Amino acid sequence: MFGFLSKYFSNDLAIDLGTANTLIYVRGRSIVLDEPSVVAIRLEGGPNAKKTIQAVGKEAKEMLGKAPGSITVIRPMKDGVIADFTVTEQMLKQFIKKAHDSKLFSPSPRIIICVPSGSTQVERRAIRESALGAGASQVYLIEEPMAAAIGAGLPVSDATGSMVVDIGGGTTEVGVISLGGMVYAGSVRVGGDKLDEAIINYISRNYGMMIGENTAENIKKTIGSAFPGAEVKEMEVSGINKAEGIPRKFTISSNEILEALTDPLNQIISAVKSALEKTPPELGADIAEKGMVLTGGGALLRDLDRLLMEETGLPVIVADEPLTCVARGCGMALEKMDKLGSIFASD
């Protein structure tokens with residue numbers, strides 16, 4: 001009886017639990033929450049020392065690299081899968097609470113969560129368990145390329161091949177989809193985080209300066225590009241000089257960032273190429289005609305579509321609002337949950 005009631009009162013959710021951001025879509029509404037997947041935990045001293053959650057989401061992200069010893073700032077998701085189980089569960093709890101308005105009943109919604117196509121059974125079980133621990137009544141999993149393709153508006157259930165490249169924070173997923181199922185799914189653990197890391201290492205090697213993650217991400221967004229352009233952009237960056245140990249400012253150009261990003265971008269290109277090699281010829285013909293669609297935050301990197309076009313010779317389209325593509329696809333799967341059986345992933 002109460003199960004029936006709580007189902008009636010709580011909205012079903014679709015969650016894109018990403019390495020960098022977590023997005024929640026509520027059935028019948030739209031995306032209601034888009035926050036970084038970061039948690040700040042405070043260690044309280046004294047006789048009954050315990051850990052309490054200080055902040056989640058945007059607030060916690062601002063503390064990255066700036067927190068004192070008593071506060072640890074963690075990103076509980078690594079490479080698209082759970083690195084810290086208990087923290088992820090708490091983070092999900094907080095996010096679900098934020099997404100739900102109803103104060104009367106504690107929500108126990110049905111939840112659809114995206115998982116990377118390359119994740120193992122153990123990793124999938126961890127994601128499922130943490131969602132159940134965060135108060136879900138039932139959990140369904142959907143593979144990321146599938147959700148991205150639905151969100152980008154590709155004809156997933158038709159008998160034509162659609163190719164989607166989803167570049168997230170932790171992983172790059174390449175999927176070829178036809179007749180509502182995945183024909184090929186490949187996943188490399190290279191994404192936005194690896195690009196930031198490459199920038200940090202490059203600046204450390206060539207300038208002898210140390211910069212933080214947030215600064216590296218800012219550089220990538222402002223002047224990062226994947227293809228040599230006509231105009232060279234410059235940006236002033238502050239960091240700590242390793243030799244002197246003193247904060248200094250220096251100027252970096254977009255060509256240097258291009259050089260820094262070559263290695264991780266090559267890994268993404270080789271993932272796309274190996275997907276094309278393993279695609280059946282009939283579907284390959286469809287892809288050659290329609291091209292591939294880029295989704296995920298990585299698709300916002302300037303000229304990435306041009307780089308892929310030059311490397312593969314196929315048309316490359318960047319989806320509208322690539323950041324929310326996977327969450328919107330998850331949401332559409334949620335709306336049509338009872339009709340679409342084949343698109344959900346098994347454990």
(Q) Are there strands (runs of 3 or more DSSP E) fully within the range 112-224 with at least 2 residues that are closer than 29 Å to L64 by Cα and open to solvent by less than 50 Å² (accessible area, probe 1.4 Å)? List them. (A) 162-167, 172-178, 181-188
Q: Output yes when any residue across the range 300-318 is open to solvent by less than 50 Å² (accessible area, probe 1.4 Å) and on the phi > 0 side of the Ramachandran plot, and no when none is.
A: yes
Q) Mind checking whether some residue in the range 42-65 is assigned by the TED database to the domain that holds A333 and modelled with pLDDT under 85? A) no
(Q) For the range 319-340, give me each residue that is hydrophobic (A, V, I, L, M, F, W, C) and either open to solvent by 40 Å² or more (accessible area, probe 1.4 Å) or in contact with a His (Cβ under 9 Å, 6 or more places away or on another chain) (or both). (A) L323, M332, L340
Q) When only residues in the range 268-311 that are assigned to a strand (DSSP E or B) and modelled with pLDDT of 90 or more count, which is nearest to D16 (Cα to Cα)? A) T295
Q. Inside the range 13-40, can you point out the residues that are under 20 Å from A148 (Cβ atoms) and in contact with a Pro (Cβ under 8 Å, 6 or more places away or on another chain)?
A. L13, A20, N21, T22, S37
(Q) Cβ contacts < 9 Å: first residue closer than 18 Å to L265 by Cβ and not assigned by the TED database to the domain that holds A243, restricted to the range 194-207; second residue modelled with pLDDT of 95 or more and surrounded by 23 or more Cβ atoms within 10 Å (Cβ to Cβ), any location; separation 6+ or different chain. Result? (A) none
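The values are calculated or read from the model by the stated rules, or taken from the named source; none is laboratory data. Just so it is clear, the structure is predicted and the values come from calculations on it, not from any experiment. Positions of Cβ are generated from backbone atoms using ideal geometry, with glycine treated the same way; all protein chains shown enter the neighbour counts. Only protein heavy atoms, including side chains, enter the accessible area calculation; ligands, DNA and RNA are left aside. Shrake-Rupley method; radii C 1.70, N 1.55, O 1.52, S 1.80 Å.
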